[in-house]
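Colleague: One structure coming up, written as structure tokens, with questions to follow.
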Amino acid sequence: MAGLRLLRPQGLLPNPLTTTRTSVRPTKLGLRAPASQVQQARRISGPYGYTSAKALVFSEYGEPKDVLNLHTHSISPMLPPSSVLLRTLAAPINPADMNTIQGVYAAKPPFSSLIGTEKPSAIPGNEGVFEVVSSSSPTFSKGDWVIPKHTQFGTWRTHALTPADTLIKLDKAGLTPLQAATVAVNPSSAYRMLRDFVSDPTPMREGDWFVQNGANSAVGRAAIQLGRLWGYRSINVVRARPTPEATEALKHELLELGATRVVTDLEFESRAFQAEVADLTSRDSAAADGVRLGLNCVGGKSAQAMTRVLGRGGTLVTYGGMARQPIELPASRLIFKDLRFFGFWLSRWADRNPAAKEQTVHDILSLIREGKLADAPVVEVPWTWGTKAEELRGAVQRTLDGFKSGKGVFVFRDT
Ligand SMILES: NC(=O)c1ccc[n+]([C@@H]2O[C@H](COP(=O)([O-])OP(=O)(O)OC[C@H]3O[C@@H](n4cnc5c(N)ncnc54)[C@H](OP(=O)(O)O)[C@@H]3O)[C@@H](O)[C@H]2O)c1
């Protein structure tokens, strides 16, 4: 969690709800627009310029519905040197955030009392986009859009006060808050995994094949589209939906994004499909190595089946474990197929390669502006000053359900 101790306990201030809050906003014509349209307005402030802020926090690990609390606090207008006061515009709810709250994620967030919580607490949220409210750093000006440089920033909060060197400034032209909020983790992971793991005897070339499970995830959708842009062909594995029509609709969606083939996990594991892959990848000389790369975010039988279609010397990159099942492999896959296995963790890669991380984000945002990368579907979770803790907790907990229509993203309005 980034943050500086510059707070006053909320009890010392008059109730901010009685000060400047309103749910409608006068327009230039003197008419009033619904609060839902007022994304950039700042309505809540205390006396002497103190900013009233709220954050989801947890002080012990567990299910989000049981451990998340909404904490209210105030931030002083007197910024320390080289610091920035931010207002959150949007912040997604990613699987890693859930694992962090459950206490099963590799990185444990620091628990602190920096924002005045009764017990040392952490603010969840690895990514999001913020608007600069005020800055004591020459690098940032009011109105700039920024994203955190590192994961574990704690983005599920209305405001943040943070050292300037924890932020990356974005060129916000042509971007929506949702696009900016979701660029740092999932599309960046897809980008790096497609680029960084295959080198022997050559890097991935136009015409090469990759295979991935969880293909309808935000990472999977980005991989399909980046793969298409770079000339790669893709086999995409999804879980069947509750009805055949819904499964077909999902397949169609991914084909529209640029997927070469989309199959359900059952179809993928069938002998018929394994034979089809052998046929597909041996039709032309560019694919002589068979499927060269596999991206695995599921594990268990799904990952095992991927190793069956990988060509000789193929690479499996594991970056998630949604099925929570270990990967079992026959020895022959290692001995005779000479497969290579790697793990990818964006946080570690970004800490080691900060400049490359920034470049990756800027590259992806350029592709988005050029209309070459479509947004992954999202389910907006509005967060206004009046949003109750139960609503936020419920929205977070529901992201653990399967077959979601889109990624949950907090969209901050009137905070
Ligand atoms: N290592 C890294 O640095 C890194 C970076 C980014 C993401 N990730 C990981 O990548 C994965 C995808 O993240 P995301 O944010 O892109 O996901 P997302 O958009 O939230 O989508 C979740 C995906 O997981 C699938 N899924 C959920 N439960 C499953 C289960 N029990 N068995 C098989 N599939 C299941 C979903 O399939 P349905 O639609 O069928 O439910 C969907 O494809 C996660 O595991 C995440 O932790 C890792």
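The values are calculated or read from the model by the stated rules, or taken from the named source; none is laboratory data. Fair warning: this is a prediction, and the values are worked out from it, not measured in the lab. Here the Cβ is made from the backbone with ideal geometry for all residues, glycine too, and neighbour counts use every protein chain on show. Surface areas here come from the heavy atoms of the whole protein model, side chains and all, with no ligands, DNA or RNA. Shrake-Rupley method; radii C 1.70, N 1.55, O 1.52, S 1.80 Å.
Colleague: Sum -39500 (n - 2.57) across every DSSP H segment of at least 4 residues in the chain, then divide by the residue count to get the 222 nm mean residue ellipticity, nearest 500.
Modeller: After summing the helix terms and dividing by the residues of the chain, the value is -8000 deg cm²/dmol.
Colleague: Determine the principal axes of the Cα atoms in the range 189-348, then give the extent along each, sorted from largest to smallest and rounded to whole angstroms.
Modeller: 41, 38, 33
Colleague: Rank Asp401, Asp196, Asp165 by mean-square fluctuation in a GNM of the chain with C-alpha springs under 10 angstrom and give only the top-ranked residue.
Modeller: Per the Cα network of the chain with a 10 Å cutoff, Asp401 tops the list.
Colleague: With θ set to phi - 60°, apply the Karplus curve 6.51 cos²θ - 1.76 cosθ + 1.60 along the range 152-163 and write out the HN-Hα couplings as whole Hz, x wherever there is a Gly or Pro.
Modeller: Residue by residue, the range 152-163 yields 6, 6, x, 9, 8, 7, 6, 9, 8, 10, 8, x Hz.
Colleague: Still on this structure, I have one more. What's the angle, to the nearest 10 degrees (0 to 90), between helix 389-398's Cα axis and the longest principal axis of the chain?
Modeller: Between the helix axis and the principal axis of the chain, the angle is about 0 degrees.
Colleague: Which of the peptides 382-391, 52-61, 253-262 is most tightly packed, and how do the rest follow, judged by the mean count of other Cβ atoms within 10 Å per residue?
Modeller: Highest to lowest by the protection proxy: 52-61, 253-262, 382-391.
Colleague: Tell me, what is the 1.4 Å probe accessible area of Met322, in Å² to the nearest 10?
Modeller: For Met322, solvent-accessible area is about 120 Å².
Colleague: State, as an integer percentage, the relative contact order of the chain based on alpha-carbon contacts under 8 Å between residues 6 or more apart.
Modeller: Value for the chain: 17 percent.
Colleague: For the chain, with all protein chains present and a 1.4 Å probe, just round the carbon and sulfur fraction of the accessible area to a whole percent.
Modeller: Carbon-and-sulfur percentage of accessible area, whole number: 54.
Colleague: May I pose another question? Extending each Cα 7 Å along its Cβ direction at Ala278 and Glu253, get the distance between those two points in nm, one decimal.
Modeller: Each label point lies 7 Å from its Cα, and together they span 3.4 nm.
Colleague: Now for a different question. Please report, for the Cα atoms of the range 315-412, the Rg to one decimal and the Dmax as a whole number; what are they, in angstrom?
Modeller: 19.3, 61
Colleague: Something else about it: Step through the table entries Lys119/Lys169; Lys54/Lys172; Lys119/Lys149; Lys54/Lys372; Lys65/Lys142; Lys65/Lys251, compare each Cα-Cα distance with 31 Å, and write down the pairs that go over it.
Modeller: From the list (Lys119/Lys169; Lys54/Lys172; Lys119/Lys149; Lys54/Lys372; Lys65/Lys142; Lys65/Lys251), the Cα-Cα distance tops 31 Å for Lys119/Lys169; Lys54/Lys372; Lys65/Lys142; Lys65/Lys251.
Colleague: Can you give the charge dipole size of the range 189-348 about its Cα centre, rounded to the nearest 20 debye, using +1 on the beta carbon of Lys and Arg and -1 on the beta carbon of Asp and Glu?
Modeller: Using Cβ point charges on Lys, Arg, Asp and Glu, the range 189-348 gives about 400 debye.
Colleague: So, with +1 on the Cβ of K and R and -1 on the Cβ of D and E, and no other charges, what is the size of the charge dipole of the chain about its Cα centre, to the nearest 20 debye?
Modeller: 880
Colleague: Next question, about the same structure. Using DSSP, restrict attention to beta bridges with both residues in the chain and report what percent are antiparallel, rounded to the nearest 5.
Modeller: If I count the DSSP bridges inside the chain, around 55 percent turn out antiparallel.
Colleague: Then there is this: At what distance in angstrom do the alpha carbon centres of the range 223-255 and the range 299-313 lie from each other?
Modeller: If you average the Cα positions of each part, the centres end up 18 Å apart.
Colleague: Consider just the alpha-carbon atoms of the chain and return their Rg together with their Dmax, both in angstrom.
Modeller: 23.0, 75
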